[in-house]
1. Let me see the P(r) profile for region A:5-223: every Cα-Cα distance counted, bins of 5 Å, each bin given as a percent of all pairs.
2. Along the Cα→Cβ direction, 7 angstrom out, place labels at A:ARG113 and B:ARG61. What is the inter-label distance in nm?
3. Calculate the dipole size of the protein assembly as shown relative to its Cα centre from +1 charges on Lys and Arg beta carbons and -1 charges on Asp and Glu beta carbons; express the result in debye to the nearest 20.
4. Which of the chymotrypsin sites (Phe, Trp or Tyr not before Pro) across region B:299-389 are loop residues per DSSP, with 14 or fewer other Cβ within 10 Å?
5. Only counting other Cβ atoms within 10 Å, I'd like A:LYS76, A:LYS294 sorted with the fewest neighbours first.
6. What list of ³J(HN,Hα) couplings, whole Hz, do you get for region A:122-136 from phi and the Karplus terms 6.51, -1.76, 1.60, once you set θ to phi - 60° and write x for glycine and proline?
7. Taking the dipole about the Cα centre of the protein assembly as shown, with the C-beta of Lys and Arg at +1 and of Asp and Glu at -1, give me whichever of A:ALA220, B:ILE146, A:LEU232 is farthest to the positive side.
8. Considering the options A:ILE50, B:CYS333, B:GLY266, tell which one lies farthest towards the positive end of the dipole of the protein assembly as shown, charges being +1 on Lys and Arg and -1 on Asp and Glu at the Cβ, about the Cα centre.
Amino acid sequence: MTPVLAVENLRKSFGDLVAVDGVDFEVAEGEIFGFLGPNGAGKTTTISMIAGLLRPDDGEIRVDGVSIADDARAVKRKLGVVPQDVAVYAELSARENLRFWGGIYGLKGQALRERIEELLDQVGLSERADDPVKQYSGGMKRRLNLAMGLIHRPRLILLDEPTVGIDPQARKKILEIVESITRGGQTVLYTTHYLEEAESFCDRLAIIDHGRILAEGSIAQLKAQLGEGSLLTVQGEFLEQPFREILAGLGDLREVEITDGRAMLLVPGGSRGVGPALEGLYGAGLHLDDVLIKEPNLEDLFLKLTGRELRD
Amino acid sequence: MTGRMWHLARHDSRLFLLRKENLFFMLVMPILFMLFFSSVFRGGGGPEDVKVKLSVIDQDRSFLSHAFVRQLEGEHFDLAVFDAAPADSVELLRVLTIPASFGDSILAGRKVELDFTKHPDSNLSYDVAAEMHLHRAQVAFLGTLIRWEQELSRRFDHIDQVGEADRARLLALAAEPSLVTVQDRWAGEGRPVPSGAGQSIPGMLAMFVVMTVLIGGSESLTREKHQGTLARLLSTPFSRGEVLGGKVLHLTLVGLVQALVLMGAGEAMGAFHLFGIDFSWGPHAPTLILVLIPYAFAVACLTLFVGGLFRTTQQAESMAWLLGMILAAIGGCWWPLEAMPHGARVLAAFSPAYWAMSAFHALITFGQGPSAVILPSLILIGFGALFAWLGGRTMRSGGIG
């Protein structure tokens, strides 16, 4: 079955800076595919190329089997782009904004009016629909920004960090709307650097950093890359190299990340293995100031893959 | 494609009209400027008011040459009379040389030739006006000579034979109104150089088309870049050409509306003689549209170029003000093109306003027909194409498309 979106060997540089470096992935119909990575990882550049805003240096993008290089207009007709920064006309009302963008996609008359009302209701802007957008709060503008990308019922929705830079309450509202969209069975490419959003919405994820996909798969598949067990993080007065030597003598404990004064270890057998592991560390003469035990998540995988945290 | 561009142009025009400062700039400020400048310079500006510089080298220095000089003084010359060529005579704008044989040749009935030379940088329209004035002085002088000869008691063969009384009589006759006069007129308003309202009203129109489109347009383009709506438009099925074409169509319409508003205002000022303003666009007013469309198009494309160069609205607006003023000044919106020195006119050719003003003057002042606007219109279309290409490139380098 032809994927809704297929990206092959995508590359883009800006001078000496390689922003996207050979990215490949596919998104199947009805799938929510997450693009998880820190700021500057290449997420927005990738989305911009898919949206036709940037021309790739190399590689191919196909939507429903049609290459954007061959028929950009046909591809763009199927896309609903929700940019990271709010891109609306502040002088116009929400209804006028939606009417204008709907007109661009050929919607008119009763069909357009009905669709506008439906979306205003969905994003909770019906009561303020005729007020100028410049009078809206940040969260309301974000909701309108989202609605504008959905006006023509796109085949593929590109959501570029839709919750970035807003307060928790507004974020919650946006996430509810996104959830309602995803429940409708639409195909979505969702970029974020918020781990919990990626884990709660996405069927599959790609972890991207420095323009490359480091890992790809379902949440379970990705977590499995860390291995089964609990994560034990210890902090104390130790150096990296001596700690490794001690670790080598402690059997099944696996290194996730070790630096001077801090180590993250995977303990096989879950929480039951933590006690013996700590006994081993103390027994080796280490002085530990802080101990943290938790279940591994994607943040830990990202740390393992890149050596840095997602929000660095 | 046209429908998509029209959809964008209509939307942009609506946004333009929602901004009160744009309406003020389009409807109030230019009309106030037009009123002010037209009333300050409301003098008719016809041939009677125009003094054309002329240097006369009178090598003859006889009473006959003096009588001829007096006849020239009766015309609208700003005269400087020399007995011999001054050291800097090559710098003089217009020089009429009366040969040493002038008086004797006239008395002997022999042909005599006056030499009229013009400096390469002299104003062509003033040169033509000088020739007309000279022609009128010649005709008047011949009439004076005929009257003088009739009053003489005898015929003279040599200038020394003429007594003081006869000499004084010739000079007196030269000062009297001529029996034969030549009414020289330009087709149209009869102005060798546009002046008064004939200069300031078309000048203000050409200037405010540039100012309104360039300032309002470059501000809105940079604002759209900044707020992300331009990029969002480019992610829709509309092609890059359609999006930028829609912007140019909107800006061209703004320029045209501005021009039509000022045409109407200028005609009304003339019709009601507001502040003594005497003005009409004349019988070729409908032909003006043939110039206004390419002019508005050229300015719209220039705006696309300027809008693409800058990231912030403040930068774009500042540059638009500066550029608009420069283009208006060198383009002849503030003073007549015909009064500008040769070097300035070469520079002026790089301003779209120059070509618009040339066409306006050809139609309004010089009474020329529609054919006079073909070349300016083609050049303005060329300007538009060049700026559109540059605008496309600056928009791309600005990360748009």
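1. Distribution as computed: 1, 7, 15, 19, 20, 16, 12, 7, 3, 0, 0 percent.
2. Using points 7 Å along Cα→Cβ, the separation is 9.7 nm.
3. It comes to approximately 1820 debye.
4. The qualifying sites are B:PHE350.
5. Final ranking by Cβ density, sparse to dense: A:LYS294, A:LYS76.
6. Going residue by residue, I get 4, 9, x, 10, 4, 6, 10, 4, 9, 7, x, 4, 5, 8, 7 Hz, with x marking Gly and Pro.
7. The listed residue farthest towards the positive side: B:ILE146.
8. B:GLY266
Values in this text are rule-based calculations from the coordinates and carry no lab data. If you're wondering where the values come from, they're calculated on a predicted model, not measured in any experiment. All Cβ positions, glycine included, derive from the backbone under ideal geometry; neighbour counts span all protein chains shown.
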